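Undergrad: Below: one structure in structure tokens.
The values are calculated or read from the model by the stated rules, or taken from the named source; none is laboratory data. On a predicted model such as this, the values are computed, not experimentally measured, just so you know. Every residue, glycine as well, gets a Cβ built from its backbone with ideal geometry; the counts of neighbours run over all protein chains shown.
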Amino acid sequence: MLIMKFGGTSVADAVAINRVIDIIRTTSCNEKKIILVVSAISDATNILSNLVEFAITGDICKCNSTIQLFHERHLILSKNLIFNDCKKSEADKIINNYFGEIHKIINKIFSSSECSDQLFAKIISYGELLSTAILNIAMSARLIKNILIDARNIILTDNNYLNGKPLIEEITKIMPNIIKQYLDQGYIVLTAGFIGSTITRETTVLGREGSDYSASLIGMVMKAREIQIWKDVDGIMTADPKKILNTKCIPLLSFNEALDLAYFGAKAIHPKTVEPALLGNIPIKILNSYKNIDNQKGTIINADITKDNSKLIFHSITYQENCLIISIKGNLKSYTDILHTLVSFNIHIISAMLVGDKLKIIILHNKFLKKIIKKFNISIIYEEEISLIAIIGQNLIHCNLIKDIVKILNHFEIKMILNNISHTSLVLIVDKINLFQIIQKLHDNLLV
């Protein structure tokens, strides 16, 4: 069984969706059981989020124009994708019905000038509901046997509407019973990523990168042989190709390396996506939907990939551009209270360590941070304009590695080196102004 997940840029327009359908058709010749997980068309979630904001602030003109343009975009997609008149009429009816529901919810928000998390989750779920409905009918019009299953019937979560935590035990009970019957009958099963529901069937969403997470969850529960994540990139790169020269696609990564890459800022993968695949020991493959299926290798994320447990291997360099170091002088109780407070506000703590009589915390920059910890009546020093660089590889707890890094970067100041976070990462804290020069220097010496 194969899971194929297609992101927003892969279904951005009719040309992109036709490429996706060709990939599915080619794959189905060799793979008899396929589950498709599909995102909303590109930028749909942002548009729907903006729509809510316009409604809350009372800008009805922007509401109406945004809905109209977004509605037309889906109708044009249907027109350019589905040439069977009967099927096109079916798609347009579904599109029009969904936009009728969107209008009603937006009018409700406009009238009250407020939007609950529950209502917000419902609004932003329409992106995936629309894209999967269109793809379902487009494939049927091309005689590809497929069935659309509402994700809210198979992904059950807690009541956190905007960042739903999947109820694995419940999902494991219901999902195979719903999906397996269709796979056994030769259907390609299509469902939406990102969306789930509570036990009482109220819509929830899975938060950032929720569609990839959906694919990984389904892969774990259905015991897939592989989870494919189709994007608009060749795979996971040795560094950010928009910032760094001479980057290459990484053919193989371990699960632990992928987790570290995601944790330290890489956009190609999210920790939530890796975790279910790791639990089920299912390989994840990152592929490019804009390239011919026969002419790419992508990146495979698998179990431990090294045979030599002592060999030093470098795979990638990632970064977090906007970080902050907080130095706190207090006592153990105040340190614990501050850390608990930061966690409760979902502030990303990269590292916390005792240095002499001070607690140093490295976090991603957050505009609310100073306000959050202002109530603590203790000495706090902020060091800003800081960036993080994470070198990712195998066996990076190595006696000579730090000495080699310092030698490579002899013209740059390194504020801090964290080499005890994991065996697959070495973290440097540097001045933001030198960030990309340092990454290029490391990349040229370690990865090229």
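Undergrad: For segment 384-407, does any single residue satisfy the condition of being of a type in the set (Asp, Glu) and either surrounded by 16 or more Cβ atoms within 10 Å (Cβ to Cβ) or within 17 Å of Ile361 (Cβ to Cβ) (or both)?
TA: Looking through segment 384-407, at least one residue is of a type in the set (Asp, Glu) and either surrounded by 16 or more Cβ atoms within 10 Å (Cβ to Cβ) or within 17 Å of Ile361 (Cβ to Cβ) (or both).
Undergrad: Sticking with this one: Can you name the number of the only condition in (1) in contact with a helix residue (DSSP H, G or I) (Cβ under 7 Å, 6 or more places away or on another chain); (2) assigned to a helix (DSSP H, G or I) that Cys115 fails?
TA: Checking Cys115 against (1) in contact with a helix residue (DSSP H, G or I) (Cβ under 7 Å, 6 or more places away or on another chain); (2) assigned to a helix (DSSP H, G or I), the one that fails is (2).
Undergrad: Also, I was wondering about something else. Output the residues belonging to segment 342-367 that are charged (D, E, K, R), within 32 Å of the chain's Cα centre (by Cα) and not in a strand (DSSP E or B). Reasoning before the result, please.
TA: To start, the set of residues in segment 342-367 that are charged (D, E, K, R) comprises 357-358, 360, 367.
Next cut, within 32 Å of the chain's Cα centre (by Cα) only: 360, 367.
Within segment 342-367, just Lys367 meets the criteria.
Undergrad: Of Ala40, Ala12, Ala16, which residue is in the same structural domain as Gln228 (by TED's automatic domain parsing), among the aliphatic types (A, V, I, L, M) and free of Cβ contacts under 8 Å to residues at least 40 places away in the same chain?
TA: Ala12
Undergrad: Can you run down the residue pairs with Cβ atoms below 7 Å, 6 or more apart or on separate chains, where the first is in segment 201-212 and closer than 11 Å to Ala151 by Cα and outside the structural domain of Tyr126 (by TED's automatic domain parsing) and the partner is of a type outside the set (Ser, Thr, Tyr) and crowded, with 24+ Cβ neighbours inside 10 Å?
TA: none
Undergrad: List every residue pair whose Cβ atoms lie under 9 Å apart, where the two residues are 6 or more positions apart in sequence or sit on different chains, the first residue falls within segment 91-105 and is more than 11 Å from His74 (Cβ to Cβ), and the second residue, located anywhere, is outside any helix (DSSP H, G or I).
TA: Hits for this filter: Ile105/Cys115.
Undergrad: Taking only pairs six or more apart or across chains, which ones have beta-carbon atoms under 9 Å, a first residue in segment 374-386 that is assigned by TED's automatic domain parsing to the domain that holds Glu413 and of a type in the set (A, V, I, L, M, F, W, C), and a second residue that is surrounded by 10 or more Cβ atoms within 10 Å (Cβ to Cβ) and assigned to a loop (DSSP other than H, G, I, E, B)?
TA: Phe376/Gly330; Ile378/Gly330; Ile378/Asn331; Ile380/Gly330; Ile386/His365
Undergrad: Restricting to segment 424-439, give me the number of residues that are in a helix (DSSP H, G or I), over 15 Å from Leu245 (Cβ atoms) and touching a Lys or Arg at 6+ places or on another chain (Cβ under 7 Å).
TA: 0
Matching residues to (1) among the polar types (S, T, N, Q); (2) more than 30 Å from the chain's Cα centre (by Cα); (3) more than 16 Å from Leu135 (Cα to Cα):
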| site | (1), (2), (3) |
| --- | --- |
| Gly58 | no, yes, yes |
| Cys61 | no, yes, yes |
| Leu77 | no, no, no |
| Leu81 | no, no, no |
| Ser113 | yes, yes, yes |
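Undergrad: Test Lys415 against the criterion of being assigned by TED's automatic domain parsing to the domain that holds Ile349, in a helix (DSSP H, G or I) and either hydrophobic (A, V, I, L, M, F, W, C) or more than 28 Å from the chain's Cα centre (by Cα) (or both), and give yes or no.
TA: For Lys415, the condition - assigned by TED's automatic domain parsing to the domain that holds Ile349, in a helix (DSSP H, G or I) and either hydrophobic (A, V, I, L, M, F, W, C) or more than 28 Å from the chain's Cα centre (by Cα) (or both) - is not met.
Undergrad: So, one more: Quick check on segment 331-341. Is at least one of its residues touching a residue at least 60 places away in the same chain (Cβ under 8 Å) and over 24 Å from the mean Cα position of the chain (by Cα)?
TA: no
Undergrad: Name, by its number, the condition in (1) over 16 Å from Ile244 (Cα atoms); (2) in a helix (DSSP H, G or I); (3) out of contact with any helix residue (DSSP H, G or I) (no Cβ under 9 Å at 6 or more places or on another chain); (4) in contact (Cβ under 8 Å) with a residue 24 or more places away in the chain that does not hold for Lys370.
TA: For Lys370, the failing item is (4).
Undergrad: Touching a Lys or Arg at 6+ places or on another chain (Cβ under 8 Å), surrounded by 13 or more Cβ atoms within 10 Å (Cβ to Cβ) and of a type in the set (Lys, Arg), is that true of Lys108?
TA: For Lys108, the condition - touching a Lys or Arg at 6+ places or on another chain (Cβ under 8 Å), surrounded by 13 or more Cβ atoms within 10 Å (Cβ to Cβ) and of a type in the set (Lys, Arg) - is not met.
Undergrad: From the list Asp404, Asp444, which residue is outside any loop (DSSP other than H, G, I, E, B) and closer than 18 Å to Ile244 by Cα?
TA: Among Asp404, Asp444, only Asp444 is outside any loop (DSSP other than H, G, I, E, B) and closer than 18 Å to Ile244 by Cα.
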